[in-house]
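Let me begin by presenting the structure, written as structure tokens, before commenting on it.
The values are calculated or read from the model by the stated rules, or taken from the named source; none is laboratory data. Only a predicted model underlies this, so the values are computations on that prediction, with no experimental measurement involved. As a convention, Cβ positions derive from the backbone with ideal geometry for all residues, glycine included, and neighbour counts pool all protein chains shown. SASA here: full protein model, heavy atoms, side chains in, ligands and nucleic acids out. Shrake-Rupley method; radii C 1.70, N 1.55, O 1.52, S 1.80 Å.
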Amino acid sequence: MNILLFGPPGAGKGTQSSLLVENKGMAHVSTGDLFRAAIKSETSLGIEAKKYIDAGELVPDSVTVGMVEEELIRLKGKDIILDGFPRTVPQAEALNALLDKYELKIDKAFFLEVPEKLLMKRLTGRRMTADGKNVYHLEFNPPQQEGVCDVTGEPLIQRKDDREEVIATRLKAYEESTSPLKEFYKNQGNLVVVEGVGEPSDVFDRIASELV
Ligand code: AMP
């Protein structure tokens, strides 16, 4: 079964993806993670994407869609979670063309619904290891020792785009470009709206109950 997760920044897409990888053995495709890895290794794609990401804006569709196609080829045969892609209606249309091309299908499109006030709190308090693999929250999930990862002992960082002034731009990009996807997948008949509030394990149970 292939699924996608979409919703505003801070909705918990990354957290739920990790739980799905751990508990259901699915393969995770996060366009945000792919961009951050490209930025770290200073590829031309990374250099191009960085200016948009740091400003809280969406990376152009032309760059994003090609990157996802490579992942679909690489992961063929696995159950896939698309996390943070598509983020615009043109991306969703491009995804449908790729699915046709590779004879794949998205069984369910999960929309994680979270009130805006909580999103801001989740994003400004988020801290993580430099590779983004271990994620904490100053209030909701603090590490044992302030500023240090419980698992690896590395210092924790704040994503540049998790600063309050950039978050406002990301939320606006979400409202304008990503929220119309709800209607898109509703019309396509595979939209599942999940309440993204509460313990991550409770949200996960809501998603898992749909994966049958
Ligand atoms: P995320 O890790 O999903 O919060 O994504 C971080 C940033 O990467 C976003 O704010 C965008 O700048 C960029 N990004 C991630 N996925 C996409 C996408 N599908 N389309 C355009 N930009 C994206």
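I'd like to check which strands (runs of 3 or more DSSP E) are fully inside the range 76-185 and have at least 2 residues that are open to solvent by less than 20 Å² (accessible area, probe 1.4 Å), under 18 Å from GLY7 (Cβ atoms) and touching a residue at least 40 places away in the same chain (Cβ under 8 Å).
Numbers: elements: 80-83, 108-113, 126-128, 135-137.
It comes to 80-83, 108-113.
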**Message:** over 21 Å from LEU82 (Cα atoms), within 13 Å of the ligand (Cβ to nearest atom) and touching a helix residue (DSSP H, G or I) at 6+ places or on another chain (Cβ under 9 Å): is that true of THR169 in this structure?
**Reply:** yes
**Request:** Would you mind telling me which numbered condition in (1) of a type in the set (A, V, I, L, M); (2) over 25 Å from THR129 (Cβ atoms); (3) not in a loop (DSSP other than H, G, I, E, B) LEU211 fails?
**Result:** (3)
**Prompt:** Is it the case that ALA27 is more than 10 Å from the ligand (Cβ to nearest atom), free of Cβ contacts under 8 Å to residues at least 12 places away in the same chain and either under 18 Å from ILE53 (Cα atoms) or among the aliphatic types (A, V, I, L, M) (or both)?
**Reply:** no
**Message:** Restricting to the range 42-71, and then to whatever is in contact (Cβ under 8 Å) with a residue 40 or more places away in the chain and not in a loop (DSSP other than H, G, I, E, B), can you tell me which residue is nearest to the ligand (Cβ to nearest atom)?
**Reply:** ILE53
